[in-house]
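The values are calculated or read from the model by the stated rules, or taken from the named source; none is laboratory data. What you are looking at is a predicted structure, and each value in this text was computed from that prediction instead of being measured. Cβ sites come from the backbone with ideal geometry, for glycine too, and all protein chains shown count toward neighbours. SASA here: full protein model, heavy atoms, side chains in, ligands and nucleic acids out. Shrake-Rupley method; radii C 1.70, N 1.55, O 1.52, S 1.80 Å.
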Number of protein chains: 2
Amino acid sequence: MINHSSSKSASLPFTVAVSRGSMVESHHLVAAAICDSTGRILQSWGNVESPVYLRSAIKPLQALPLVESGAADAFDVTEKELSLACASHNGEPIHVEAVTNWLNRIGLGIEALECGCHWPTYDPAARALAVSGQEPSAAHNNCSGKHSGFLCTAVHLKETTTGYIHREHAVQQRIVKVLEDFTDLDLSNAPVGIDGCSIPTIAIPLQNAALAFARFADPSTLTVARATACKRLQKAISKYPEMIAGSDRLCTALNGAAEGRVVAKVGAEGVYLAALPESGIGVAIKALDGTTRAAEVALGAILEDLGILDEHVHRAIDPYVRPILRNRNDIVVGEITAVIDS
Amino acid sequence: MINHSSSKSASLPFTVAVSRGSMVESHHLVAAAICDSTGRILQSWGNVESPVYLRSAIKPLQALPLVESGAADAFDVTEKELSLACASHNGEPIHVEAVTNWLNRIGLGIEALECGCHWPTYDPAARALAVSGQEPSAAHNNCSGKHSGFLCTAVHLKETTTGYIHREHAVQQRIVKVLEDFTDLDLSNAPVGIDGCSIPTIAIPLQNAALAFARFADPSTLTVARATACKRLQKAISKYPEMIAGSDRLCTALNGAAEGRVVAKVGAEGVYLAALPESGIGVAIKALDGTTRAAEVALGAILEDLGILDEHVHRAIDPYVRPILRNRNDIVVGEITAVIDS
């Protein structure tokens, strides 16, 4: 249950300012919640009670059934693959090869993926693919690792794999159950959209999303099996951060440099979720206009505020969370900064 | 002089909503002004009095000295090249070849461009360039047409071309003078930033930007020489809309389909400026968060509101101004719509 009693205020403003020259050129509004695993809201900005599509930021929880079902053990799923199961990856060769190998090991091919195709989101990888004379496959889809995890679980449980993206399929039903457990919500009437990769994306208030990630961070009140699964995913993400995103990505920089003290995942349309295992805290962020640059800067400001960024982590993530804007001639033209009231 | 007397209200809200499933997922705040060439504000939304970097949206006015100086005639600058001088182009072969030819004709090479290099912004063009084994040059920079116009003017006027991007260079000083003439502002103390292509970008309130584009639309009160230059640029943009942007771009779709009834130009960080020559109206839009998708949808809504979109134009621009969102499997997942109060 969410408990507002310790929240300093639910209406503090939180903006991200994009400056150029002497002036703010653009600005973003942010809503965010920080929660502990008991449901206590430690801090919030903006509206954290209205439902928000968490998109790919919720992937670490969507990967839990892969571990909890026994599928990961049955198929010798590696830590790299577990990190990949939580990924919105760049479509770089390491990601595509890992997906292909994993699918082969469970007796499937790339054609089993129902996520659709797109060119790698990392431009150099897209150009390299074009140079090699190839077209993108579903393995290049940024969600192909998550979908491989879905397929692995379905194969292990002897479920039909076709249609695993649909809401009524057992794969998606297990995820709904996980989300209900972690958010304390009955999601049967929650708003549902279709995500970029065609699975359902369920809208959840930021306060409940923060609670969910707080429980992921501190699973001590959960069953031993679930707690073990949470820790296993956290370890995999921290150990193989290149698998959860890739080159030039905040998720990779942060999950790597934080060495387990932060487990964070971006989602489309300006969402970021983070778990802080040491303090058992969860953070949920939505840039209201859906821009990733705002969510990244907001995450940096909140982590800074929580006092968990040492020099090593700062060096790794500052290019994303305190970006200096340079133009085509590499001239510094501006910066992006958080304007946070706490 | 700006005249507020006819403005219905300066504080009407204008938002753009991004929906997915049954819910609004993200939303954008927009400020916009509609002005006639006498400075009468016909309508405005949000704050139109604070300075805004107009970025590349102001390019049609930045191209005026190219015509007014006599450089365009002296160097037989074509209508295609005039449209290109106003462009933020995709870096497609038609753009790069045109820039290269133009520079050669004025006795310069690509190395004279001071805009910096970047991969073509149009992904298929970037991949094709990579496949051809080439790296991008300054000619692929989306601003290379504008810079070619700058160089053409400088060569014609026998000015040093080196450093033409700097504020103190005569090329930039002429632009400041044009902007002051068109906006009725003394810009000597206006906020200035450095644009992506390294020239100064001067902040101008939306109401004055709308006035500037109204005068560009209806130059009847300007000198004959300037009015002729405005009409010549309008005609070039309408006749060769593929040069001002390129494949899959609203600027190209709109300037082409409108056949001279709208001359519009996008700018970075959510800016759009449009001139309506038939009614002598100028429109200036800024998505406050800097997102192009919001500026495009806002422009569509304003043009619709002004009653100038026939079925032909709608068909051309609706994919940009009333976008239906499809995912990686081409499933409809949402839409972007304007919520406009008028």
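Do we have any residue at all in segment B:27-43 that's within 14 Å of chain A (Cβ to nearest Cβ), open to solvent by 20 Å² or more (accessible area, probe 1.4 Å) and at pLDDT 95 or above? Checking segment B:27-43: at least one residue is within 14 Å of chain A (Cβ to nearest Cβ), open to solvent by 20 Å² or more (accessible area, probe 1.4 Å) and at pLDDT 95 or above.
Of all residues in segment B:144-172, count the ones that are within 19 Å of B:Val266 (Cβ to Cβ) and either open to solvent by 10 Å² or more (accessible area, probe 1.4 Å) or out of contact with any helix residue (DSSP H, G or I) (no Cβ under 9 Å at 6 or more places or on another chain) (or both). So the answer is 0.
The set of residues from segment A:294-311 being under 27 Å from B:His28 (Cα atoms) and in contact with a helix residue (DSSP H, G or I) (Cβ under 6 Å, 6 or more places away or on another chain) comprises A:Glu296, A:Val297, A:Gly300.
If a residue must be within 14 Å of another protein chain (Cβ to nearest Cβ), touching a residue at least 24 places away in the same chain (Cβ under 8 Å) and not small (Gly, Ala, Ser), how many such residues does segment A:301-336 contain? Result for segment A:301-336: 5.
Those strands (runs of 3 or more DSSP E) of segment B:18-92 in which 1 or more residues are within 30 Å of B:Ile331 (Cβ to Cβ) occupy B:23-36. Pairs are defined by a Cβ separation below 8 Å, a sequence spacing of at least 6 or placement on different chains, a first member in segment A:173-196 that is open to solvent by 60 Å² or more (accessible area, probe 1.4 Å) and of a type outside the set (Val, Ile, Thr), and a second member that is modelled with pLDDT under 95 and not in a strand (DSSP E or B); the pairs so defined are A:Asp184/A:Met1; A:Asp184/A:Ile2.
Does segment A:78-88 include one or more residues that are in contact with a Gly (Cβ under 6 Å, 6 or more places away or on another chain), within 12 Å of another protein chain (Cβ to nearest Cβ), within 30 Å of B:Ser22 (Cα to Cα) and modelled with pLDDT of 95 or more? The answer is no, given that none of the residues of segment A:78-88 is in contact with a Gly (Cβ under 6 Å, 6 or more places away or on another chain), within 12 Å of another protein chain (Cβ to nearest Cβ), within 30 Å of B:Ser22 (Cα to Cα) and modelled with pLDDT of 95 or more. Of all the numbered requirements in (1) touching a Pro at 6+ places or on another chain (Cβ under 7 Å); (2) hydrophobic (A, V, I, L, M, F, W, C); (3) part of a helix (DSSP H, G or I), B:Ala214 misses one, and that requirement is (1). The condition of being touching a strand residue (DSSP E or B) at 6+ places or on another chain (Cβ under 9 Å) and under 21 Å from B:Gln173 (Cα atoms) holds for only one of B:Ala72, B:Ala87, B:Ala112, that being B:Ala87.
B:Ala298 meets the stated requirement of being within 14 Å of chain A (Cβ to nearest Cβ), part of a helix (DSSP H, G or I) and among the hydrophobic types (A, V, I, L, M, F, W, C). State all residues of segment B:140-152 that are more than 11 Å from chain A (Cβ to nearest Cβ) and polar (S, T, N, Q); if no residue qualifies, say none. Scanning segment B:140-152 gives a single hit, B:Ser148.
Among the residues of segment B:47-71, just one is open to solvent by 10 Å² or more (accessible area, probe 1.4 Å) and among the basic types (Lys, Arg), namely B:Arg55.
A quick yes/no check of all residues on (1) surrounded by fewer than 24 Cβ atoms within 10 Å (Cβ to Cβ); (2) part of a loop (DSSP other than H, G, I, E, B); (3) aromatic (Phe, Trp, Tyr):
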site	(1), (2), (3)
A:Leu273	no, no, no
A:Glu278	yes, yes, no
A:Ile285	no, no, no
A:Asp289	no, yes, no
A:Arg315	yes, no, no
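Among the residues making up segment B:99-139, those that are β-branched (Val, Ile, Thr) and more than 13 Å from chain A (Cβ to nearest Cβ) are B:Val99, B:Thr100, B:Ile106, B:Ile110.
When segment A:205-227 is limited to residues that are farther than 29 Å from A:Val30 by Cβ and touching a residue at least 60 places away in the same chain (Cβ under 8 Å), the one that is most open to solvent (accessible area, probe 1.4 Å) turns out to be A:Thr221. Somewhere in segment B:101-118, is a residue over 25 Å from A:Val24 (Cα atoms) and among the polar types (S, T, N, Q)? Yes. Residues in segment B:251-271 that are closer than 24 Å to B:Leu29 by Cβ, assigned to a strand (DSSP E or B) and open to solvent by less than 10 Å² (accessible area, probe 1.4 Å): B:Ala264, B:Lys265, B:Gly267, B:Val271. B:Pro93 falls short of the stated requirement of being more than 24 Å from B:Leu273 (Cβ to Cβ), surrounded by fewer than 22 Cβ atoms within 10 Å (Cβ to Cβ), touching a residue at least 12 places away in the same chain (Cβ under 8 Å) and within 14 Å of chain A (Cβ to nearest Cβ). Identify all residues within segment B:174-202 that are small (Gly, Ala, Ser) and facing chain A (nearest Cβ under 9 Å); write none if there are none. B:Gly193, B:Gly196, B:Ser198, listed by residue number.
Being surrounded by fewer than 23 Cβ atoms within 10 Å (Cβ to Cβ) and either within 22 Å of B:Pro219 (Cβ to Cβ) or among the charged types (D, E, K, R) (or both) is a property that holds for B:Leu306.
With respect to (1) among the acidic types (Asp, Glu); (2) open to solvent by 40 Å² or more (accessible area, probe 1.4 Å); (3) closer than 22 Å to B:Trp45 by Cα, the lone exception for B:Asp248 is condition (3). Pairing residues of segment A:111-132 that are without any contact (Cβ under 8 Å) to a residue 60 or more places away in the chain with residues that are outside any helix (DSSP H, G or I) and β-branched (Val, Ile, Thr), at Cβ distances under 8 Å and at least 6 apart in sequence or on separate chains, gives A:Ala112/A:Thr161. Inspect segment A:72-79 for any residue being in contact (Cβ under 8 Å) with a residue 40 or more places away in the chain, under 21 Å from A:Val263 (Cβ atoms) and of a type in the set (Ser, Thr, Tyr) and give the result as yes or no. There is no residue in segment A:72-79 that is in contact (Cβ under 8 Å) with a residue 40 or more places away in the chain, under 21 Å from A:Val263 (Cβ atoms) and of a type in the set (Ser, Thr, Tyr).
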